[in-house]
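Peer 1: Mind having a look at this structure? Questions to follow.
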Amino acid sequence: MKFILSTAIVFSAAFACTAQKADDVITPAEVSRVLGTLSSDAMEGRRTFTPGIEKAAAFIAEEFKKAGLQPGGTNGSFLQSFSMYQASVAGGTANVDGQTVAITDIICQTTSPKVTVSNTGNYEVVSINAKDNFFAQYRTLRNKTNNLIIFVDTAHRNSFQRLKSFAGGPQFASNNSQVYVLSSQVKPAAFQLDLTMRIEEKKLANVVAVLPGKSKPNEYVIFSGHYDHLGYGKPNEKGDSLYNGANDDASGTTAAILLAKYFKALGNNERTLVFAAFTAEEVGGYGATYFSKQYKPEQVMAMFNIEMIGTDSKWGTNSAYITGYEKSSMGTILEKNLQGTAFKFYPDPYPDQQLFYRSDNATLARLGVPAHTISTSKMDSEPHYHKASDEIGTLDTKNMAEIIRAIALSSRSIVSGTDTPTRVDTQSLR
Ligand SMILES: [Zn+2]
């Protein structure tokens, strides 16, 4: 009895200390300062590939540095820099069964400056017939890692043009090329393509900070949010054309920064904590995709991705929801750790919106990591979502501080290594 009693006292004393630290470090004033800076006009809406997002990255890196965290990026920097490549066919010749094919009828996904394809077998040949489902085929083929030439029946001309509009977007460096050719002959006997490509390198960066674990340094727990937003866009009725993205997702980025400060101040994490601000979520999730490739999925114990926590949830203050709640035991662990507090986590109330698959948690979740997104966004009635009016004045910074504290407290048994959420069953994912 005595043993149990003293354990209980030690445990609650530890909890009280944890809670006190959260109240000291994660304050509404600090939320306002960080969120206010990230969503200020000076950051120009943090659009990927613009100077505005670089200012935001520098600010986030400085916050991590001031807090005393270790850089988790490239070459001892907080910036995890990487490049993507935008490719378009600049010129060349293409001949299929004696017929010249117009360059405009070719889509070439590659990062090589020159692409030569012929019927000598250097490329696997695929045919998309008139009756095939063009985009279903495309989705399968784009995951292949060998060189492909795909002859597409001219019946798919409209779909081909649509593919051209987005397949020309930025791509990661790769060793293989995929060439789509619009052709009246989808099983040609002889073909020869000599293409010159225009390849434009585009630089991006996540911002990453690390707190090494004391006893389990190779077990990672990730706290993240995306810091990019939409930049300048169509002006609203007030003439405002700057999309500040205070809620989406300066709020989640603010959470990642404040959690970094909190756990550094606490200084007792047994597992290694990684704090990440992702780039390019809005344009394709490239930042999280690149970040995810830097880890062995089996070493990542949990990911807390935080997305739009600036407004009160549908249940009011002191609550938030977890996407993909039923896909791992993480939500149950968080709830257990919040017993006796006023805060409550709920399963995602908008399952039709497929939020689990739509945010930066998805890449790691697909590899089996218990990776979930925490949000309060009312997906059926959030008036400022993807609008120029998504500004700090519309947000509840006091409640935001409560949510960030709740994430801090609810994660403590995962951070200490005493709880490990079950893995996501990748077979169950769509
Ligand atoms: Zn977002």
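Peer 1: Is there any pair with a first residue in region 87-112 that is assigned by TED's automatic domain parsing to the domain that holds I150 and a second that is among the basic types (K, R) whose Cβ atoms are under 6 Å apart and which are 6 or more apart or on different chains, and what are they?
Peer 2: That search, which allows pairs on different chains as well, returns I107/K164.
Peer 1: What number of residues within region 143-167 satisfy the criterion of being closer than 18 Å to T289 by Cβ and either surrounded by 13 or more Cβ atoms within 10 Å (Cβ to Cβ) or assigned by TED's automatic domain parsing to the domain that holds G284 (or both)? Let's see the steps before the verdict.
Peer 2: First pass over region 143-167, keeping only residues closer than 18 Å to T289 by Cβ: 143-145, 166-167.
With the extra rule that they be either surrounded by 13 or more Cβ atoms within 10 Å (Cβ to Cβ) or assigned by TED's automatic domain parsing to the domain that holds G284 (or both), the set shrinks to 167.
Summing the residues that are closer than 18 Å to T289 by Cβ and either surrounded by 13 or more Cβ atoms within 10 Å (Cβ to Cβ) or assigned by TED's automatic domain parsing to the domain that holds G284 (or both) in region 143-167 gives 1.
Peer 1: Test D248 against the criterion of being part of a loop (DSSP other than H, G, I, E, B), farther than 26 Å from T422 by Cα and either out of contact with any strand residue (DSSP E or B) (no Cβ under 9 Å at 6 or more places or on another chain) or within 16 Å of the ligand (Cβ to nearest atom) (or both), and give yes or no. Don't jump to the end; show me each part of the working.
Peer 2: Working: part of a loop (DSSP other than H, G, I, E, B): no; farther than 26 Å from T422 by Cα: yes; either out of contact with any strand residue (DSSP E or B) (no Cβ under 9 Å at 6 or more places or on another chain) or within 16 Å of the ligand (Cβ to nearest atom) (or both): yes.
Considered against the rule, which asks whether it is part of a loop (DSSP other than H, G, I, E, B), farther than 26 Å from T422 by Cα and either out of contact with any strand residue (DSSP E or B) (no Cβ under 9 Å at 6 or more places or on another chain) or within 16 Å of the ligand (Cβ to nearest atom) (or both), D248 comes out as no.
Peer 1: Would you list the strands (runs of 3 or more DSSP E) that sit entirely within region 113-179 and hold 3 or more residues that are out of contact with any Gly (no Cβ under 6 Å at 6 or more places or on another chain) and closer than 26 Å to E200 by Cα? Let's see the steps before the verdict.
Peer 2: Details: elements: 114-118, 124-128, 148-153.
Those strands (runs of 3 or more DSSP E) span 114-118, 148-153.
Peer 1: Across region 185-230, which residue is nearest to the ligand (Cβ to nearest atom) among those that are free of Cβ contacts under 8 Å to residues at least 60 places away in the same chain and in a loop (DSSP other than H, G, I, E, B)?
Peer 2: Restricting attention to region 185-230, the residues satisfying the condition of being free of Cβ contacts under 8 Å to residues at least 60 places away in the same chain are 186, 214, 217.
Subsequent filtering for residues that are in a loop (DSSP other than H, G, I, E, B) retains 186, 214.
Values: V186: 40, K214: 33 Å.
Filtering region 185-230 for residues that are free of Cβ contacts under 8 Å to residues at least 60 places away in the same chain and in a loop (DSSP other than H, G, I, E, B), the one nearest to the ligand (Cβ to nearest atom) comes out as K214.
Peer 1: What number of residues within region 84-105 satisfy the criterion of being in a strand (DSSP E or B) and surrounded by 15 or more Cβ atoms within 10 Å (Cβ to Cβ)? Reasoning before the result, please.
Peer 2: At the first step, the residues of region 84-105 found to be in a strand (DSSP E or B) are 84-96, 99-100.
Those left that are additionally surrounded by 15 or more Cβ atoms within 10 Å (Cβ to Cβ): 84-87, 89, 92, 94-96.
Residues flagged as in a strand (DSSP E or B) and surrounded by 15 or more Cβ atoms within 10 Å (Cβ to Cβ) within region 84-105 amount to 9.
Peer 1: To continue, here is another question. Filter region 351-360 for residues that are farther than 10 Å from G324 by Cα and open to solvent by less than 20 Å² (accessible area, probe 1.4 Å) and give the result. Walk me through how you get there before you give the answer.
Peer 2: Narrowing region 351-360 to residues farther than 10 Å from G324 by Cα: 352-353, 358-360.
Within region 351-360, S359, D360 qualify.
Peer 1: Open to solvent by 50 Å² or more (accessible area, probe 1.4 Å), among the hydroxyl-bearing types (S, T, Y), touching a residue at least 60 places away in the same chain (Cβ under 8 Å) and in contact with a strand residue (DSSP E or B) (Cβ under 8 Å, 6 or more places away or on another chain), is that true of T253?
Peer 2: Working: open to solvent by 50 Å² or more (accessible area, probe 1.4 Å): no; among the hydroxyl-bearing types (S, T, Y): yes; touching a residue at least 60 places away in the same chain (Cβ under 8 Å): yes; in contact with a strand residue (DSSP E or B) (Cβ under 8 Å, 6 or more places away or on another chain): yes.
No, not satisfied.
Peer 1: Another one. Could you list, in sequence order, all residues of region 295-312 that are away from the ligand (no atom under 16 Å from the Cβ) and either open to solvent by 10 Å² or more (accessible area, probe 1.4 Å) or not assigned by TED's automatic domain parsing to the domain that holds S359 (or both)? Don't jump to the end; show me each part of the working.
Peer 2: Here is the first cut: in region 295-312, the ones away from the ligand (no atom under 16 Å from the Cβ) are 295-302, 312.
Of everything in region 295-312, those that are away from the ligand (no atom under 16 Å from the Cβ) and either open to solvent by 10 Å² or more (accessible area, probe 1.4 Å) or not assigned by TED's automatic domain parsing to the domain that holds S359 (or both) turn out to be Y295, K296, P297, E298, Q299, M301, D312.
Peer 1: Being outside any strand (DSSP E or B) and of a type in the set (A, V, I, L, M, F, W, C) is the filter here; which residues of region 297-315 pass it? It would help to see each step written out before you state the result.
Peer 2: In the first step, residues of region 297-315 are kept if they are outside any strand (DSSP E or B); the result is 297-299, 307-312, 314-315.
Scanning region 297-315 gives M308, I309, W315.
Peer 1: Looking at (1) at negative phi; (2) of a type outside the set (S, T, Y); (3) open to solvent by 10 Å² or more (accessible area, probe 1.4 Å); (4) touching a helix residue (DSSP H, G or I) at 6+ places or on another chain (Cβ under 8 Å), can you tell me which one K238 breaks?
Peer 2: (4)
Peer 1: Which of the residues belonging to region 36-77 are farther than 26 Å from P212 by Cα and open to solvent by less than 30 Å² (accessible area, probe 1.4 Å)?
Peer 2: Taking region 36-77 as the starting set, the residues that turn out to be farther than 26 Å from P212 by Cα are 36-55.
Residues satisfying the conditions are G36, L38, S39, M43, G45, R46, T48, G52, I53.
Peer 1: Determine, yes or no, whether Y262 is modelled with pLDDT of 95 or more, open to solvent by less than 10 Å² (accessible area, probe 1.4 Å), in a helix (DSSP H, G or I) and away from the ligand (no atom under 16 Å from the Cβ).
Peer 2: Details: modelled with pLDDT of 95 or more: yes; open to solvent by less than 10 Å² (accessible area, probe 1.4 Å): yes; in a helix (DSSP H, G or I): yes; away from the ligand (no atom under 16 Å from the Cβ): yes.
It is true that Y262 is modelled with pLDDT of 95 or more, open to solvent by less than 10 Å² (accessible area, probe 1.4 Å), in a helix (DSSP H, G or I) and away from the ligand (no atom under 16 Å from the Cβ).
Peer 1: Among the residues of region 363-387, which ones are of a type in the set (G, A, S), farther than 12 Å from F304 by Cβ and at pLDDT 95 or above?
Peer 2: Our first condition is that a residue be of a type in the set (G, A, S); within region 363-387, this holds for 365, 368, 371, 375, 377, 381.
Retained after the next criterion (residues that are farther than 12 Å from F304 by Cβ): 365, 368, 377, 381.
Selection gives A365, G368, S377.
Peer 1: Let me ask something else. Just to be sure before I move on: is G45 in the same structural domain as A209 (by TED's automatic domain parsing), within 29 Å of G284 (Cα to Cα), in contact (Cβ under 8 Å) with a residue 24 or more places away in the chain and not in a loop (DSSP other than H, G, I, E, B) in the structure I sent?
Peer 2: Working: in the same structural domain as A209 (by TED's automatic domain parsing): yes; within 29 Å of G284 (Cα to Cα): yes; in contact (Cβ under 8 Å) with a residue 24 or more places away in the chain: yes; not in a loop (DSSP other than H, G, I, E, B): yes.
So G45 passes the test.
Peer 1: Residues in region 277-291: is at least one open to solvent by 10 Å² or more (accessible area, probe 1.4 Å), closer than 13 Å to N206 by Cα, β-branched (V, I, T) and within 16 Å of the ligand (Cβ to nearest atom)?
Peer 2: Yes, the conditions are met somewhere in region 277-291.
The values are calculated or read from the model by the stated rules, or taken from the named source; none is laboratory data. Just so we're clear, the structure is a prediction, and the values are computed from it rather than from any experiment. Cβ: placed from backbone, ideal geometry, glycine included. Neighbour counts: every protein chain shown. Remember, those area values only see protein heavy atoms, side chains included, never the ligands or the DNA or RNA. Shrake-Rupley method; radii C 1.70, N 1.55, O 1.52, S 1.80 Å.
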